[in-house]
Amino acid sequence: MASWRSGSMPTRPFTAAKWIKVVEPELKPKGERPAYWVSRDFDASAGNAVLRISAQGLYQAYLNGVRVGNEELTPGSTQYLKRIQFQTYEVSLKAGQNNLEILVADGWFRGAADVMRSDLQFGDHVAVIAEITDVVHTDNSWHSSPSHILSADLFLGQVEDRNLPTVREWTPVEQIDVSAELVQPIAPPVKRVQEIAPVAITKFGDAFIVDFGQNINGWSRLSQLGPAGNKTTLTHAEFVGADGNINTSHLDAHFPFMPEPIRDHQIDSVISAGIQGDVFEPIFTTHGFQYVRVDGFQGELTAADINAIVVHTDLRKIGTFTSSDRRLTWLHEAAEWAFRGNACDVPTDCPTRERAGWSGDWQIFADTAAYLYDIDGFSRKWLADAVIDQHEDGRIANITPVTKSGGFDSPIGALNGSSGWGDVIIQAPLAAYRAYAKTDALEECFDAMQKWIEFGLRSAEQGRHQSRTGSPQPHERYLWDTGFHWGEWLEPGVPPESPFEKLKQDMSEVATAYLYRSCRDFAEVCRILAKPIEIAARYEAIAENIRAAWQLEFLDAFGSVKTKTQAAMVRPLAFGLIENREAVAAELAALIKSNGNRLGTGFLSTVNLLPVLAENGQAETAFDLLFQEQQPSWLYMRNKGATTMWELWDGITEDGRPQMSLNHYSKGAVVSFLHHQVAGLKAVRPGYQEFVVEPVFDDRVPDAATSFNSPFGLIAAGWRREAGSIVVEVTAPALASGSIRLSNGDYLPVPAGATVVVTLE
């Protein structure tokens, strides 16, 4: 594991506090472990003070019975073996005796985690460290006790017994050594950011099915808990079947090496204390859901009794898109909601069955996310762990933070280091630089970028796929044809293959293309950071050699792409691997038309599909795909009632069966096409200090507008149809300027601080 440093992070935030762990009589199975109180009374003078606190597990702090702060799921998910975040709160002490209590539960540290719901990934205990300087600090004088939370697990849910005796049985804690560095957060905290009321409540036998109308990440809040001893259970789901009951079978995890599927849970329950006005709201779990089945509720459940609480990183919204076309409005909202559901402290793939920080998903979506929200700190925080998790040979992990069961030494460790996934170490920092003109992430990830590229170059030069015969040709030293690569994962109509089968395949067409782009972009990073000129020149030269090798291997004598799939044509167009762009784009458009104007791209290439068509003379085909309603398409999801993007194009089949996750953000990267091509706003200089507005028009789109709150101020760009013409209106902030592309190809300046309106005939 590598090191990661940032000058903004103190390394000794605590002066006297020690790590203390809860001493348990036995280690219960995952999903059965209680949350614990860790407590101490202390004397103090009245006045304001500062509390610093962290945990191995999740914590909430209470001073004199009042909760401290409003952040959720603290201290957050990191590579706990190397670094753990701490939080700082201003608190008010009273004169005389005070009490500091910390409620701590498993969380990411030792609870069910990763794709296989493995537990004990970072330790077999929960622990805390806390300090109010010169007043009180954690040490072996503290005590712990099981709480009313009988079990708390991020995946499996939370169980509370409000009927337990209030007198606690205290047990001494144990002081422990922890080598991980304590670091100050650079990302916004996770918070309760929104409440959603039910849109419908129906009966199903003795249960109630609650529909919140939106697929989210978070939890439910329930009031009216009933008489003492009454148990109410809330089961969260993304789908309701034709019978009216929830269905979670599509969220079960199936692995060929597991004896049986890992069942989805997302179940909370509460045993009432019979106190009027008592409210149940779990605090140490989250769920991905639109629907909740409520069992055991006494009486008739009404909208006043239950709400959905949206929980995710409290990101600042900076980008918008609007249109009077409701289909485009739905698409943009669904993509936003999908990202929001997967921005819970780390960029995850789904908030349900995996909740994993997949590098490939963030590689695809980082550019889009950087336009929608200020993700600079959020991304840097995750990248810090990606750098730490990087293998000494340069491989980037598929999932960050790396857990014990998914690490390089695990049974699936050979699957780490995939092209298109590992490239996130370059693409995510560049996304922040292009959107915000900030170089922090580029600087922090620079060494890791170079190590990742050198791993790819070594793999290309030293390895040769077993299917190749005869003497190696000179260009083969630049073909990356060994190792594991996910490739164009989940192409429509192509059944998912076992990753272990992919280990045997020659994936050089994809891997070499990504190696070219990474070398080219790394040379750009070198120039941005003013590194020695010879470093940039070296990687530019290598990139050109890789490009030539790719062309020799994967283009025919006429310059056409040999592999006749949409993805295989999109990639070289997007990456600049070919010369005859218009001819290849025309062939791509013809391939799409022959497929009934339906897309055929999978995980990696969908993000680039519409832009490369629109920018290479095939805009009509791009809009044909955008407005396609048959499966596979974005609007097929809409017609099936989706409120977020799906993992599969047919996440709900024609006959109404759910498949895999119904909240995956990667396919939502298509909304960048709405921002940059339909509305037409593009950056010319980093941070949009200089920009251009050049919309791509189609008769099916009546109007479009976008805005971006750049570091230099708010930019607004939009157009509408009026009396047979198109009126374009653009506003530049005081610190940025732009231009509008006119019908004749000329550009009309938009001065700083001005609004320009022009009519295009």
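The values are calculated or read from the model by the stated rules, or taken from the named source; none is laboratory data. Here the structure is a predicted model, which means the values were calculated and not measured. We place every Cβ from the backbone using ideal geometry, glycine too, and count neighbours over all the protein chains shown. To get the accessible areas, we keep the full protein, side chains included, count just its heavy atoms, and leave off ligands, DNA and RNA. Shrake-Rupley method; radii C 1.70, N 1.55, O 1.52, S 1.80 Å.
See the values below:
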item: Checking residue 339 against (1) crowded, with 24+ Cβ neighbours inside 10 Å; (2) hydrophobic (A, V, I, L, M, F, W, C); (3) part of a strand (DSSP E or B), the condition it does not meet; result: (3)
item: Residues located in the range 17-44, provided they are part of a loop (DSSP other than H, G, I, E, B) and farther than 30 Å from residue 267 by Cα; result: 17, 18
item: Residue check for residue 151: assigned to a strand (DSSP E or B), of a type in the set (Ser, Thr, Tyr) and open to solvent by less than 20 Å² (accessible area, probe 1.4 Å); result: yes
item: Leading residue by the ranking (least open to solvent (accessible area, probe 1.4 Å)) among those in the range 639-659 that are out of contact with any Leu (no Cβ under 7 Å at 6 or more places or on another chain) and hydroxyl-bearing (Ser, Thr, Tyr); result: 653
item: Segments classed as strands (runs of 3 or more DSSP E), wholly inside the range 216-298, with at least 1 members that are of a type outside the set (Val, Ile, Thr) and over 22 Å from residue 195 (Cβ atoms); result: 231-237, 287-295
item: Filter result (more than 25 Å from the chain's Cα centre (by Cα) and either assigned to a loop (DSSP other than H, G, I, E, B) or without any contact (Cβ under 8 Å) to a residue 12 or more places away in the chain (or both)) within the range 57-68; result: 64, 65, 66, 67, 68
item: Subset of the range 586-632 (residues that are charged (D, E, K, R) and free of Cβ contacts under 8 Å to residues at least 12 places away in the same chain); result: 629
item: Residue match in the range 98-113 (condition: part of a loop (DSSP other than H, G, I, E, B), within 26 Å of the chain's Cα centre (by Cα) and of a type in the set (Val, Ile, Thr)); result: no
item: Residue 386 being under 21 Å from residue 116 (Cα atoms), modelled with pLDDT under 95 and part of a helix (DSSP H, G or I); result: no
item: Total residues in the range 521-549, condition in contact (Cβ under 8 Å) with a residue 40 or more places away in the chain and either in a helix (DSSP H, G or I) or of a type in the set (Ser, Thr, Tyr) (or both); result: 11
item: Residues located in the range 575-608, provided they are closer than 25 Å to residue 650 by Cβ, hydrophobic (A, V, I, L, M, F, W, C) and surrounded by fewer than 20 Cβ atoms within 10 Å (Cβ to Cβ); result: 590, 591
item: Scope the range 698-726; condition of a type in the set (A, V, I, L, M, F, W, C) and without any contact (Cβ under 8 Å) to a residue 40 or more places away in the chain; matching residues; result: 712, 714, 715, 716, 717, 723, 726
item: Test for residue 289: is it open to solvent by less than 10 Å² (accessible area, probe 1.4 Å) and among the aromatic types (Phe, Trp, Tyr); result: yes
item: Scan of the range 550-561 for residues that are out of contact with any Lys or Arg (no Cβ under 6 Å at 6 or more places or on another chain), open to solvent by 20 Å² or more (accessible area, probe 1.4 Å) and not in a helix (DSSP H, G or I), ordered by number; result: 555, 557, 558, 560
item: Options 456, 463: the member that is under 19 Å from residue 486 (Cα atoms) and open to solvent by less than 10 Å² (accessible area, probe 1.4 Å); result: 456
item: Members of the range 562-585 found to be in contact (Cβ under 8 Å) with a residue 12 or more places away in the chain, outside any helix (DSSP H, G or I) and either over 18 Å from residue 617 (Cα atoms) or basic (Lys, Arg) (or both), listed by number; result: 563, 564, 565
item: Candidate set from the range 75-125 (those that are within 22 Å of residue 24 (Cα to Cα) and among the hydroxyl-bearing types (Ser, Thr, Tyr)); member that is surrounded by the fewest Cβ atoms within 10 Å (Cβ to Cβ); result: 118
item: Selected residue (criterion: least open to solvent (accessible area, probe 1.4 Å)) from residues of the range 162-215 that are among the hydroxyl-bearing types (Ser, Thr, Tyr) and in a strand (DSSP E or B); result: 171
item: Residues located in the range 69-97, provided they are part of a strand (DSSP E or B), under 19 Å from residue 377 (Cβ atoms) and not charged (D, E, K, R); result: 74, 84, 85, 87, 88, 89
item: Residue list for the range 440-449, restricted to those being open to solvent by less than 40 Å² (accessible area, probe 1.4 Å) and over 19 Å from the mean Cα position of the chain (by Cα); result: 442, 444, 446, 448, 449
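So that you can scan it fast, the table gives a plain yes or no per residue for (1) acidic (Asp, Glu); (2) under 27 Å from residue 650 (Cβ atoms); (3) at pLDDT 95 or above:
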{"site": "500", "(1), (2), (3)": "no, yes, no"}
{"site": "504", "(1), (2), (3)": "no, no, no"}
{"site": "524", "(1), (2), (3)": "yes, no, yes"}
{"site": "533", "(1), (2), (3)": "no, no, yes"}
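Here's the yes/no breakdown for (1) at pLDDT 95 or above; (2) in contact with a strand residue (DSSP E or B) (Cβ under 9 Å, 6 or more places away or on another chain); (3) of a type in the set (Val, Ile, Thr):
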position	(1), (2), (3)
607	yes, no, yes
629	yes, no, no
642	yes, yes, no
645	yes, no, no
650	yes, no, no
665	yes, yes, no
